[in-house]
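Structure, as structure tokens:
The values are calculated or read from the model by the stated rules, or taken from the named source; none is laboratory data. On a predicted model such as this, the values are computed, not experimentally measured, just so you know. Please note: Cβ atoms are built from the backbone with ideal geometry, for glycine as well, and neighbour counts cover all protein chains shown.
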Amino acid sequence: MKASLHGDRIYHVLTTAFAAAVPLLLLLIAISIGLAAWPALSLAGLSFITASEWDVAAGQFGAAPAIYGTLVSSAIALVLATPLALGVSIFLSEIAPKWLRQPVGFLVDLLAAIPSVVYGLWGIFVLIPLMRDPVGPFLRETLGLAKTPMFSGPNYGYSMLAAGVILAIMILPFISAVTREVLLAVPRSQREAALALGATRWEMIRDAVLPFARSGIIGGIILGLGRALGETMAVTMLIGNRPEISASLFAPGYTMASLIANEFSEATSDMHLSALMAVGAVLFVVTLIVNAIARWLVWRVTKGAR
């Protein structure tokens, strides 16, 4: 009996220590990044976020182009991935026969297992040529969007639009997986009640299932946003890596992650390193907030279904 109590005590201590290690590690990461970023942030102040000039030789570090590129490419990814992920999730959870659900779901989830560098290589050899022709001419000439600022300027292929498209493919399985779980968490009685009132299958999905799962679906979308914000390799290979702010989606750009990946190994001065760590701090805070909101929204739905 004493040995059993002793074993329980050891088990309790170990599991508590492991659980406490996660927030402690997160805190240590935040402190280390903050301390490394402090020289650049204290020198530049708020202008570090608002300034658009990134000139290492002149000692000017403005992260606005990288922040802008991160937000724009992630927004493009959400616009493209959300409808597709929602459609796939509804099909797999509500419409597809049982024999089809598992293989299709496996193929969608398999997209998440592909390394980002493979996506980047595919983007260079397949997506970039498609962006030059026929996507560019189609948007400008066929749809008549050439005079709009969003599609103006030269089209080199390497652009924020290309980065957004590759990000959409990469976050699709994450949004789809969360959305499927949320839809499956909707009580069966919710569906049966709608059908008993004479609703068609589509009306049941639209009026009974989707409203119940709305918060969880939004959480899945925000979780995909968090994934898009921090993606590095594929975006670095496709976005063009030019620190400028342009209204055109065909223009090259920068993201916070690609800026760090490109310059960290070449940063020799302490201020340059501190500026890159400050960019990392901004990215850390943004992704932490986004993922926390997403987890909370998904938790609300799954808790209500229990």
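When region 242-271 is examined, which residues are found to be under 19 Å from the mean Cα position of the chain (by Cα) and surrounded by 21 or more Cβ atoms within 10 Å (Cβ to Cβ)?
The answer is LEU249, GLY253, TYR254, THR255, MET256, ALA257, SER258, LEU259.
Table: residues versus (1) in contact with a His (Cβ under 9 Å, 6 or more places away or on another chain); (2) closer than 30 Å to SER215 by Cα; (3) of a type outside the set (A, V, I, L, M, F, W, C).
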residue	(1), (2), (3)
VAL104	no, yes, no
PHE125	no, no, no
LEU145	no, no, no
PRO149	no, no, yes
LEU172	no, yes, no
ALA177	no, yes, no
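Of the set (1) at pLDDT below 90; (2) surrounded by 13 or more Cβ atoms within 10 Å (Cβ to Cβ); (3) under 19 Å from the mean Cα position of the chain (by Cα), all apply to GLY304 but (3).
Does region 101-115 contain any residue that is among the small types (Gly, Ala, Ser), closer than 25 Å to ILE239 by Cβ, without any contact (Cβ under 8 Å) to a residue 12 or more places away in the chain and in a helix (DSSP H, G or I)? Quick ask: steps written out before the conclusion?
Of region 101-115, the ones among the small types (Gly, Ala, Ser) are 105, 112-113.
Adding the requirement that they be closer than 25 Å to ILE239 by Cβ leaves 112-113.
Now restrict to residues that are without any contact (Cβ under 8 Å) to a residue 12 or more places away in the chain: 113.
Cutting the leftovers down to in a helix (DSSP H, G or I) gives us 113.
Yes; the residues of region 101-115 include at least one that is among the small types (Gly, Ala, Ser), closer than 25 Å to ILE239 by Cβ, without any contact (Cβ under 8 Å) to a residue 12 or more places away in the chain and in a helix (DSSP H, G or I).
Inside region 146-160, residues that are surrounded by 15 or more Cβ atoms within 10 Å (Cβ to Cβ), out of contact with any Ser or Thr (no Cβ under 6 Å at 6 or more places or on another chain) and polar (S, T, N, Q) make up a count of 2.
The residues in region 153-182 that are small (Gly, Ala, Ser) and farther than 17 Å from GLY69 by Cβ can be counted, and the count is 2. Has region 25-43 got at least one residue that is closer than 22 Å to GLY230 by Cα, outside any helix (DSSP H, G or I) and at pLDDT 90 or above? The answer is no; no qualifying residue exists.
Pairing each residue of region 273-297 that is touching a residue at least 12 places away in the same chain (Cβ under 8 Å) with any residue that is crowded, with 19+ Cβ neighbours inside 10 Å and among the basic types (Lys, Arg), provided the two are 6+ apart or on different chains, yields C-beta distances under 9 Å for THR287/ARG227; ASN291/ARG227. If a residue must be of a type outside the set (Lys, Arg), touching a helix residue (DSSP H, G or I) at 6+ places or on another chain (Cβ under 8 Å) and part of a helix (DSSP H, G or I), how many such residues does region 137-179 contain? Of the residues in region 137-179, 22 are of a type outside the set (Lys, Arg), touching a helix residue (DSSP H, G or I) at 6+ places or on another chain (Cβ under 8 Å) and part of a helix (DSSP H, G or I). TRP54 passes every criterion in (1) in contact with a strand residue (DSSP E or B) (Cβ under 8 Å, 6 or more places away or on another chain); (2) without any contact (Cβ under 8 Å) to a residue 24 or more places away in the chain apart from (2). For residues in region 47-59 being polar (S, T, N, Q) and more than 21 Å from GLY240 (Cβ to Cβ), which is surrounded by the most Cβ atoms within 10 Å (Cβ to Cβ)? Ranking the candidates gives SER47 first. Annotation: VAL126 fulfils all but one of (1) free of Cβ contacts under 8 Å to residues at least 60 places away in the same chain; (2) of a type outside the set (Phe, Trp, Tyr); (3) crowded, with 19+ Cβ neighbours inside 10 Å; (4) under 23 Å from MET233 (Cβ atoms); the unmet one is (3).
Take the conditions (1) more than 28 Å from PRO252 (Cα to Cα); (2) surrounded by 12 or more Cβ atoms within 10 Å (Cβ to Cβ); PHE18 misses just one of them, which is (2).
Within region 222-240, restricting attention to residues that are surrounded by fewer than 20 Cβ atoms within 10 Å (Cβ to Cβ) and over 16 Å from ILE289 (Cβ atoms), which residue is modelled with the lowest pLDDT? Among residues in region 222-240 that are surrounded by fewer than 20 Cβ atoms within 10 Å (Cβ to Cβ) and over 16 Å from ILE289 (Cβ atoms), the one modelled with the lowest pLDDT is THR232. Each residue in region 60-89 was checked for being in contact with a strand residue (DSSP E or B) (Cβ under 6 Å, 6 or more places away or on another chain), in a helix (DSSP H, G or I) and either surrounded by fewer than 21 Cβ atoms within 10 Å (Cβ to Cβ) or hydroxyl-bearing (Ser, Thr, Tyr) (or both), and 0 pass.
If I filter region 161-202 down to residues being among the basic types (Lys, Arg) and surrounded by fewer than 22 Cβ atoms within 10 Å (Cβ to Cβ), which single residue comes out as nearest to ALA77 (Cα to Cα)? Break it down stepwise before answering.
First, the residues of region 161-202 that are among the basic types (Lys, Arg): 180, 188, 191, 201.
Of the ones still in play, those that are also surrounded by fewer than 22 Cβ atoms within 10 Å (Cβ to Cβ) are 188, 191, 201.
On the way: ARG188: 33, ARG191: 32, ARG201: 30 Å.
The residue in question is ARG201.
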